[in-house]
Amino acid sequence: MVAIAVLISVLTFTAAVAFWMDRSVAREDAFRVNAAEVLAMDSSQEALAARLMDEAIDEVPLLALVRGAGERATIVLLDSGAFDSVFDRLIVEGHRHVVSQTDDPFTADLTDVRAVLVAPIAQIAPDLAERVPVDAFEAVVILDSDALPVVGRVAGWLPAVSVFAAAAAVFLGVALVMVSSRRSIALISVGLAVLIAGIGVWVWSRFGGPIATARIADELTHVLVTNGYAVFTRSLRAEGLTLMATGAIVAIAGLVGTLATSHKPQAPRSQ
């Protein structure tokens, strides 16, 4: 019974994670909604403004003298909606990159918006702004290769995995209860298995972010992954809580059945 309960817990955890990855990451519509929220966060915009200034300073080192002012002006532009069309394109390209099987970093071509990017610099140091070449923003690294998930390698399998794992967990749970001589105990085991799976899903959704970002050195990548993990795993946390509640209800039902059986009056013995 213990081995089957452990297997039910593993299958439930697998089904929940596969379902979340398919619905929230692999599917473009959900990815676009979540990614747009990530890019709209203040810390994301601050990190992106810093990266844009880095690119400009690499071409014109004297721009380091006005770095702070340039970043602040760029953040104002990012928050004003001037980059909305750029963000939309970045999100679509980013999703294609995530679901692909490449190990290369995600880079974006921002040459078409050079005028917008250089505008705040021109307000501070027009002579220096003119010296920033067009190709300075040709290949801006948005996400380092260390931060990219392996969704592309498993994207095609996610729907099948989630359905199979969930169906197998349900089948084993029902079978365990039906064939057990002590069904209430079996029901408690199934409930605890689902409860433990839910706890595992919730813990991973809450504490997996720091583990994922611990090895990321690039500042922009670190900020985007941290914010992305918080936003994208919101639905995973909800799944974990749902599983915990379901498991607790099933386990309590089994416990009530056990108590009812133990307090059931015994038939009098015949003389």
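The values are calculated or read from the model by the stated rules, or taken from the named source; none is laboratory data. Keep in mind the model is a prediction, meaning the values are calculated, not measured. Here the Cβ is made from the backbone with ideal geometry for all residues, glycine too, and neighbour counts use every protein chain on show.
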> Can you spot a residue in segment 10-28 that is within 18 Å of residue 221 (Cβ to Cβ) and out of contact with any Lys or Arg (no Cβ under 7 Å at 6 or more places or on another chain)?
Replying inline: yes
>> Six or more apart or on different chains, Cβ atoms under 7 Å: show the pairs whose first residue is in segment 11-28 and over 13 Å from residue 198 (Cβ atoms) and whose second is modelled with pLDDT of 90 or more and of a type in the set (Phe, Trp, Tyr).
In response: 24/232; 25/31; 25/232
> Among 206, 183, which is the only one that is charged (D, E, K, R) and within 29 Å of residue 105 (Cα to Cα)?
Replying inline: 206
> So which of 40, 50, 35, 5 is more than 30 Å from residue 195 (Cα to Cα) and more than 20 Å from the chain's Cα centre (by Cα)?
Replying inline: 50
>> Here's a check for you: in segment 86-128, which residue that is free of Cβ contacts under 8 Å to residues at least 24 places away in the same chain and among the hydrophobic types (A, V, I, L, M, F, W, C) is nearest to residue 67 (Cα to Cα)?
In response: 122
> Pick from 228, 247: which is small (Gly, Ala, Ser) and under 30 Å from residue 52 (Cα atoms)?
Replying inline: 228
